[in-house]
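Note sheet for the following structure.
The values are calculated or read from the model by the stated rules, or taken from the named source; none is laboratory data. Just so it is clear, the model here is predicted, and its values are computed rather than measured. Neighbour counts are summed over all protein chains in view; Cβ atoms, including those assigned to glycine, are modelled from backbone coordinates with ideal geometry.
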Amino acid sequence: MPLRDGMNLVAKEYVAAQTPHDPGVLVLSRFAGAAHQMAAALVVNPYDTLEVCEAIKHGLDMPREERAERWTTLMQGLERDDLEAWRNAFLTALEAADSAP
C-alpha cells in the first residue's frame with residue numbers, strides 16, 4: 001500500500017495473481033492513481049493508522065464470497081482498462097490537444 005502514487009502496477013499485478021476461488025484482499029492508498037479504478041479494494045488514507053488497521057482487520061475477517069466478488073470486480077476493471085484502452089485514450093487526448101486553438 002503506497003503512501004504516494006507509484007505502486008499502481010503492483011496493485012494490479014497483485015489482483016491478477018490471485019486465485020479466483022480464494023483471493024486475497026487489496027488494501028490500497030487513496031493517493032494511488034489506481035484507487036479510482038480499483039474501488040472494490042479497501043481504499044484507505046495511509047496516514048490514518050486506525051483506518052489502515054481497521055481495513056487490514058476487515059480484509060482478514062472478510063468472507064470468501066465477498067473477497068471473490070471484490071476480486072471479480074477488480075479483474076473486470078483490469079481487463080476492460082487494458083493497454084489498448086489506455087493507448088486509445090492517450091491518442092485521443094493527443095489528437096484533441098493538437099486540434100485545440
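A search for C-beta distances below 9 Å between a residue of segment 30-41 that is closer than 13 Å to residue 10 by Cα and without any contact (Cβ under 8 Å) to a residue 40 or more places away in the chain and any residue that is charged (D, E, K, R) and surrounded by 15 or more Cβ atoms within 10 Å (Cβ to Cβ), counting only pairs 6+ apart in sequence or on different chains, returns 34/12; 38/12. Give segment 13-69 a look and list any residue that's among the hydroxyl-bearing types (Ser, Thr, Tyr) and within 14 Å of the chain's Cα centre (by Cα), or say none. The answer is 14, 29.
Pairing each residue of segment 70-97 that is over 17 Å from residue 8 (Cβ atoms) with any residue that is part of a helix (DSSP H, G or I) and at pLDDT 95 or above, provided the two are 6+ apart or on different chains, yields C-beta distances under 8 Å for 71/15.
Screening the candidates 52, 10 for the property of being closer than 24 Å to residue 83 by Cα and not in a loop (DSSP other than H, G, I, E, B) yields one hit, 10. Within segment 50-71, the set of residues being surrounded by 10 or more Cβ atoms within 10 Å (Cβ to Cβ), out of contact with any Pro (no Cβ under 7 Å at 6 or more places or on another chain) and aliphatic (A, V, I, L, M) comprises 55, 56, 62. Would you call residue 74 at pLDDT below 95, within 19 Å of the chain's Cα centre (by Cα), within 17 Å of residue 18 (Cβ to Cβ) and surrounded by 10 or more Cβ atoms within 10 Å (Cβ to Cβ)? No: the conditions fail for residue 74.
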